Amino acid sequence: MARDLTSIARVLGGDLCLDGRVAASTPVDAAVRLDDFAVVGHPSYATLVVGSAHAVEATVLAGRADALTDAVLVVVGDGAELRDLLAARGFSAIVVNHPDDELVHARLVALLAADQAAEDRLVTTGTKVLTQVARRGGAEAVVAQLAHRIDGWAVLLDAHGQTITTAGAGGLHVKDAVTVAFHRPVRLRHRGLQVHVVGTDEDLTGYLVISSRNASTSRSRDLASLAAALLDLVLRTHDYAGTERLGREVMMGTLLAGGDPAAALLRRWGVHELSLTAFVLTARSRSVDLERLVIRWLDELGAVHMVTAERGSVLGFVRDEQADALAERARTSTVTPRLPLRLGLGTPAPTDVLTRSLAEARQAHEVAVADGRDVVRYRALPTVAYVLDRLDPVDGGRLAAVLDPLRDADGRHGDLTDTLRTFLAQNGVWGMAAERLGVHRQTLTNRIRRVEDLTGLSTSSPDDRAAAWLALRALER
């Protein structure tokens, strides 16, 4: 419910007098007359009991108001002298200076009815959207849309407690989700989590755990219940498109590993070129199915589907002569006129070392995002390329060694390096960088501080940012 005790008191022009057991932000679910009140409907919501000051005083003094201590009295009339009595007896109240309690009750009923109608409309709209995204994007899209609709996070677990997908910083709360779904005796960091069973107890598919920051409890519960039903259907239906996507992802991994296996796979894939050009494409709206869009473009060009999706972007390879046609489609696309596409193109690379071209495409794409340009080619970026192309392997290694303190125990670059790269690529904009990484803003802040402590660099220094960027590029080479 959108109406809480504070908003009710404001609308009625009354004074809110609480005993501390009921918070001013408690949502309101019903308004009844004093003569009709029997019991509070739900402990998480406030039930308003409307009566005149005279009737309320008589009820309290007669000792017939024990059940009213769990409700919130709406005292209509001159209740100034009654406040001390109500406070002493442990009642919560809203004192309204109005001559007619019947009119106040009617107004409250109308307000709550309008509020419920608005909630119902939001649930109906959410239902339609969730159904549409279920058809287009499967389980991941449903969970992402649900987290957005409830302004919170969501975690989808399988029947054994393994994570299927998360959204809205849900990846940070998987342990809490597993704890509450399986009733484990572990202390929770978050209260008020909702668990929705996906499937039935006899034929269980998984669990959907959600947490809402601002949306009403009833709306989030309704939307999550619908999402759980949709997820049960989606997870039980074989996704042939998903199987194809997984196959392309595995084959792309072989290409990026390089060497003779990559060249042999390309020949079996029907690609006989000696070099290919990498590209990276993103859109500012998640409503765009980029992978499907790129595959359509490749079909128009008669190109092999050497593409895969990765963290909201699509990356892949095309024949060198097809790069211009791909750039033209990205530049003239009318899919999102107000949210244009961003494309980065690398330079041609031999088929056994395609990672070089992909690293160039990533850099070009980051410049396209930072500068607000539709298409950026790596060869049109002379500054960094000019420096790195003129360094011998020894000097390049020295430059990349700036980031050696960020390696993990196995000697590999992991989350800290990725965080630094994304943070610099987003021009140090904390919100955009956190969203791109899929982490909370405070998590990003902690990681950047850790990077600064380990490397001795300061992200507030232009020279240090330039040094870190050059080191990242040298590392990619």
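Please note which strands (runs of 3 or more DSSP E) are completely contained in segment 1-96 and include at least 2 residues that are among the hydroxyl-bearing types (Ser, Thr, Tyr), surrounded by 14 or more Cβ atoms within 10 Å (Cβ to Cβ) and at pLDDT 75 or above. Don't jump to the end; show me each part of the working.
Working: elements: 15-17, 28-33, 46-52, 72-76, 92-96.
Once the strands (runs of 3 or more DSSP E) in segment 1-96 are filtered for at least 2 residues that are among the hydroxyl-bearing types (Ser, Thr, Tyr), surrounded by 14 or more Cβ atoms within 10 Å (Cβ to Cβ) and at pLDDT 75 or above, what remains is 46-52.
Is it fair to say Arg441 is of a type in the set (Lys, Arg), surrounded by fewer than 16 Cβ atoms within 10 Å (Cβ to Cβ) and within 25 Å of Arg356 (Cα to Cα)? No: the conditions fail for Arg441. The residue list Ala466, Ala474 contains one member that is open to solvent by less than 20 Å² (accessible area, probe 1.4 Å), closer than 27 Å to Ser357 by Cβ and over 30 Å from the mean Cα position of the chain (by Cα), which is Ala474. For Arg136, the requirement of being under 42 Å from the mean Cα position of the chain (by Cα), farther than 27 Å from Asp35 by Cα, open to solvent by 40 Å² or more (accessible area, probe 1.4 Å) and of a type in the set (Lys, Arg) is met.
Evaluated against (1) open to solvent by 20 Å² or more (accessible area, probe 1.4 Å); (2) modelled with pLDDT of 80 or more, Ala167 falls short on exactly one condition, (1).
A Cβ distance below 9 Å, combined with a sequence gap of six or more or placement on separate chains, defines the contacts here; from segment 34-55, residues that are closer than 9 Å to Ala71 by Cα reach residues that are open to solvent by 70 Å² or more (accessible area, probe 1.4 Å) and outside any helix (DSSP H, G or I) in the pairs Thr47/Val39; Val49/Arg33. Taking first residues from segment 184-205 that are within 16 Å of Ala154 (Cα to Cα) and modelled with pLDDT of 70 or more and partners that are open to solvent by 90 Å² or more (accessible area, probe 1.4 Å) and of a type in the set (Asp, Glu), no Cβ contact under 9 Å between residues at least 6 apart in sequence or on separate chains turns up.
The values are calculated or read from the model by the stated rules, or taken from the named source; none is laboratory data. Note that this is a predicted model, so its numbers are computed, not measured. When we count neighbours, we look across all protein chains shown, and the Cβ atoms used for this are built from the backbone with ideal geometry, even at glycine. Just the protein is used for accessible areas: all its heavy atoms, side chains included, with ligands, DNA and RNA removed. Shrake-Rupley method; radii C 1.70, N 1.55, O 1.52, S 1.80 Å.
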